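Here's the structure we're looking at; comments come further down.
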Amino acid sequence: MASSTSMLLFVPFLLISSVMVASAGNFNQDFQVTWGDGRANILNDGQLLTLSLDKASGSGFESKNEYLFGKIDMQLKLVAGNSAGTVTAYYLKSEGSTWDEIDFEFLGNLSGNPYTLHTNVFSQGKGNREQQFHLWFDPTADFHTYSILWNPQRIVFSVDGTPIREFKNQESKGVPFPKSQAMRIHSSLWNADDWATMGGRVKTDWNAAPFTASYRNFNAEACIWASGSSSCGSSSAPASTTGDWLSQELDTASYEKLSWVQKNYMIYNYCTDANRFPQGLPVECSTS
């Protein structure tokens with residue numbers, strides 16, 4: 001994915017209080033196909049989008065809007081059957097060499113084996129914050145909602161409303177946090193059989209192509225960035241217009257759900273991988 005000059009968009013948190021709500025979206029209005037030579041299709045009057053992958057190419061799309069904080073929901077139905085080697089990526093990303101990024105990636109597998117849900121957070125071009133999960137349902141049998149809550153205090157990844165990961169703003173401890181670069185929503189379906197399934201040992205079965213992932217029910221409650229300003233107003237805006245998501249945090253019940261997921265379905269956590277960090281685990285791991 002090509003990058004252009006980094007766009008640093010410094011917006012004081014105190015100025016954000018009025019929030020534009022982008023209601024249930026229409027793919028024709030909200031997104032554009034970016035690659036795939038006909039393998040990405042918007043159907044049903046903009047209510048459904050499909051990506052496909054064959055041996056020649058995958059496909060992808062991106063949002064027309066850029067966002068600086070928001071709560072983003074998308075329903076996905078993943079590639080069914082033998083999806084080994086395929087990756088369905090759904091993420092927020094800014095431009096430039098010191099980009100920010102918030103990732104959901106779904107790593108395919110052999111029929112009957114679970115998908116791996118891979119998450120990561122990049123800030124100022126640095127990632128290496130992977131957590132991976134299995135899911136408690138078959139993500140290929142029906143649509144499920146994958147959400148990113150991104151506000152000045154935290155990033156929360158959720159599946160069907162259940163939080164699976166929280167990345168807090170710990171800038172006070174020297175941990176960079178994505179807060180000043182607007183990001184677009186991106187998604188792609190592509191071949192990564194050099195690493196995606198069992199470290200690349202299981203390759204894509206092209207006899208099963210084309211592989212297809214489907215999207216519906218996009219919704220964004222977000223600050224839209226355009227022409228150098230945010231759709232979110234000043235501190236003088238009425239309190240009734242403030243979006244709850246902008247200051248949302250996890251309550252006790254949400255932390256219990258998060259703990260349940262991480263205890264039962266987390267399969268990798270960079271914060272416990274001492275071999276990977278012989279000089280010591282990252283700062284945020286000891287202060288989360």
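Placing +1 on the Cβ of every Lys and Arg and -1 on the Cβ of every Asp and Glu, with no other charges, gives the stretch 135-288 a dipole of roughly 320 debye about its Cα centre. Accessible surface for the stretch 27-285, divided over its residues, is 42 Å² per residue with a 1.4 Å probe.
Along the axis of the charge dipole computed for the stretch 89-236 (Cβ charges of +1 for Lys and Arg, -1 for Asp and Glu, origin at the Cα centre), the listed residues 212, 156, 177 are led at the positive end by 177.
For the chain, leaving out every one of the chymotrypsin sites (Phe, Trp or Tyr not before Pro) that falls in a DSSP loop and has at most 12 other Cβ atoms within 10 Å, the longest unbroken run is 11-136. Residue-wise HN-Hα couplings along the stretch 92-102, as the Karplus relation 6.51 cos²θ - 1.76 cosθ + 1.60 with θ = phi - 60° gives them from phi, are 9, 8, 8, 9, x, 7, 10, 6, 10, 7, 10 Hz; Gly and Pro carry x.
Basic side chains Lys and Arg get +1 at the Cβ, acidic Asp and Glu get -1 at the Cβ, and with that the dipole of the stretch 27-285 about its Cα centre reaches some 360 debye. Per the 1.4 Å probe, what fraction of the accessible area of the stretch 27-285, in percent, lies on carbon and sulfur atoms? Carbon and sulfur atoms account for 45 percent of the accessible area of the stretch 27-285. Going down the list 55/93; 71/263; 93/179; 64/93; 126/179; 55/203, which pairs span over 18 Å between their C-alpha atoms? Violating the 18 Å limit, Cα to Cα: 55/93; 71/263.
The values are calculated or read from the model by the stated rules, or taken from the named source; none is laboratory data. Source: prediction; values computed, not measured. Neighbour counts are summed over all protein chains in view; Cβ atoms, including those assigned to glycine, are modelled from backbone coordinates with ideal geometry. Note: areas computed on protein heavy atoms with side chains; ligands, DNA, RNA excluded. Shrake-Rupley method; radii C 1.70, N 1.55, O 1.52, S 1.80 Å.
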